[in-house]
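Taking it in order: structure first as structure tokens, then the write-up.
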Ligand code: NAD
Ligand code: ZN
Ligand code: ZN
């Protein structure tokens with residue numbers, strides 16, 4: 001079969017790979033009808049996440065048709081149309097029973113390696129480093145879904161692929177980012193990053209009734225898309241984020257701050273960003289936490305910082321004293337996708353949200369390698385890429 005495979009930093013190829021087979025009685029094999037490139041894939045493409053091996057199949061946002069199921073998988077049958085949550089979950093362990101699916105205790109088959117780095121393991125993820133199980137991803141014609149009897153979302157016939165696909169990642173990720181903010185009707189919510197996750201977080205914060213949502217980025221078409229949904233926007237290349245947020249909130253700062261950027265944050269106006277780039281380049285720091293610093297500094301005391309943006313390792317020069325003395329609450333994590341599925345499916349079916357608005361590019365899987373560059377470099381107005389195997 002054909003698949004997009006990682007061969008090193010900035011080297012993703014449209015390759016031939018072995019077709020997957022049932023390995024465990026709970027598995028399913030899926031014929032992929034649509035898949036997407038996520039901002040998290042860019043961290044692998046750019047070589048910032050540890051634990052990748054040459055030949056790994058990329059992709060954790062995908063959907064399709066069930067071709068085959070293992071003998072203990074009584075929840076699915078061939079022909080079923082499903083979206084697959086990117087966080088693989090067993091549905092039975094203590095964390096799954098609490099709804100904390102992204103830290104399922106049983107689905108990471110390399111749990112020991114993850115625990116060495118993080119203290120504990122987190123759930124297995126598709127196409128996302130051997131620290132999270134090294135499971136082949138869904139940017140492929142076929143994919144094996146482990147724990148498929150629980151790890152799936154049934155798609156009603158009335159929805160197109162484009163309307164349903166993002167239930168597996170960016171829609172619940174944006175939603176969880178906003179939900180973690182406990183939004184009240186008088187709140188100003190500031191969102192760093194107007195990429196796909198920031199766009200979903202913005203629409204979620206609006207649905208949750210925030211008074212104002214401010215979106216920060218520097219890519220004009222992404223900011224325009226945010227304004228279309230009613231956000232106030234700040235271009236961090238052209239103006240001071242801290243000054244503008246102060247002006248918008250009468251000097252008090254936003255009550256809720258969301259980091260939808262993560263470890264590869266850019267900045268053009270600050271000393272700390274140059275410092276991070278140098279440290280990251282000589283491997284003294286794995287991640288660039290410019291957005292975290294800005295959020296701590298500008299957030300209103302007793303406010304909430306919500307971090308869906310991915311970080312992989314160590315960050316430096318975090319003003320933790322400011323965070324402590326201002327009484328800020330931190331909430332973060334990979335998304336507990338399944339926790340939000342029924343609610344979000346309802347929002348889509350009843351027309352309150354149509355996540356397909358974010359798609360700018362829809363092409364064949366064979367164009368995937370070029371699309372990684374187009375998406376990362378924001379060329380050709382690219383905001384979200386859907387690939388058709
Ligand atoms: P993206 O790369 O398309 O978007 C990031 C945006 O941030 C870009 O538009 C970029 O211009 C902007 N940006 C860069 N530096 C900035 C700064 N200093 N201030 C403001 N904006 C800045 O990616 P995406 O798909 O939207 O994903 C965003 C983040 O969310 C990534 O880190 C991704 O790994 C993460 N993510 C997390 C989860 C989860 O489960 N927690 C799921 C999906 C994605
Ligand atoms: Zn993702
Ligand atoms: Zn579990």
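The values are calculated or read from the model by the stated rules, or taken from the named source; none is laboratory data. Every value quoted in this text rests on a predicted model; they were computed, and no experiment measured them. When we count neighbours, we look across all protein chains shown, and the Cβ atoms used for this are built from the backbone with ideal geometry, even at glycine.
So, in the stretch 75-111, how many residues would count as being within 12 Å of ligand 3 (Cβ to nearest atom), crowded, with 17+ Cβ neighbours inside 10 Å and over 17 Å from residue 167 (Cβ atoms)?
The total comes to 13.
Does the stretch 26-36 contain at least one residue that is out of contact with any strand residue (DSSP E or B) (no Cβ under 7 Å at 6 or more places or on another chain) and either assigned by TED's automatic domain parsing to the domain that holds residue 118 or within 13 Å of residue 147 (Cα to Cα) (or both)?
Kept after step one, since they are out of contact with any strand residue (DSSP E or B) (no Cβ under 7 Å at 6 or more places or on another chain), are these residues of the stretch 26-36: 26.
This time we only want the ones that are either assigned by TED's automatic domain parsing to the domain that holds residue 118 or within 13 Å of residue 147 (Cα to Cα) (or both), so: 26.
Yes; the residues of the stretch 26-36 include at least one that is out of contact with any strand residue (DSSP E or B) (no Cβ under 7 Å at 6 or more places or on another chain) and either assigned by TED's automatic domain parsing to the domain that holds residue 118 or within 13 Å of residue 147 (Cα to Cα) (or both).
When residue 91 is evaluated against the numbered criteria (1) in a loop (DSSP other than H, G, I, E, B); (2) touching a helix residue (DSSP H, G or I) at 6+ places or on another chain (Cβ under 7 Å); (3) within 25 Å of residue 344 (Cα to Cα), which criterion, by number, is the only one it fails?
Of (1) in a loop (DSSP other than H, G, I, E, B); (2) touching a helix residue (DSSP H, G or I) at 6+ places or on another chain (Cβ under 7 Å); (3) within 25 Å of residue 344 (Cα to Cα), only one is false for residue 91: (2).
Please go through the stretch 94-110 and give me each residue that is assigned to a helix (DSSP H, G or I) and in contact with a helix residue (DSSP H, G or I) (Cβ under 6 Å, 6 or more places away or on another chain), ordered by number. Walk me through how you get there before you give the answer.
First, pick out the residues of the stretch 94-110 that are assigned to a helix (DSSP H, G or I): 94-97, 101-103.
Across the stretch 94-110, the qualifying residues are 95, 101, 103.
Of the residues 374, 341, only one is closer than 17 Å to residue 220 by Cβ, part of a helix (DSSP H, G or I) and touching a strand residue (DSSP E or B) at 6+ places or on another chain (Cβ under 9 Å); which?
Numbers: 341 fails: closer than 17 Å to residue 220 by Cβ.
Residue meeting the stated conditions: 374.
List pairs: first in the stretch 348-373 and outside the structural domain of residue 141 (by TED's automatic domain parsing), second surrounded by fewer than 21 Cβ atoms within 10 Å (Cβ to Cβ), Cβ under 7 Å, 6+ apart or cross-chain?
Within 7 Å, no pair qualifies.
Would you be able to tell me the number of residues in the stretch 144-189 that are over 18 Å from the mean Cα position of the chain (by Cα) and not assigned by TED's automatic domain parsing to the domain that holds residue 344?
If we filter the stretch 144-189 for residues that are over 18 Å from the mean Cα position of the chain (by Cα), which is where we start, we get 144-150, 154-161, 182-189.
Narrowing the set further to residues that are not assigned by TED's automatic domain parsing to the domain that holds residue 344 leaves 182-189.
Here the count works out to 8.
Conditions first: (1) within 11 Å of ligand 1 (Cβ to nearest atom); (2) part of a helix (DSSP H, G or I); (3) in contact (Cβ under 8 Å) with a residue 40 or more places away in the chain. Residue 273 passes all but one, so which condition is the exception?
(3)
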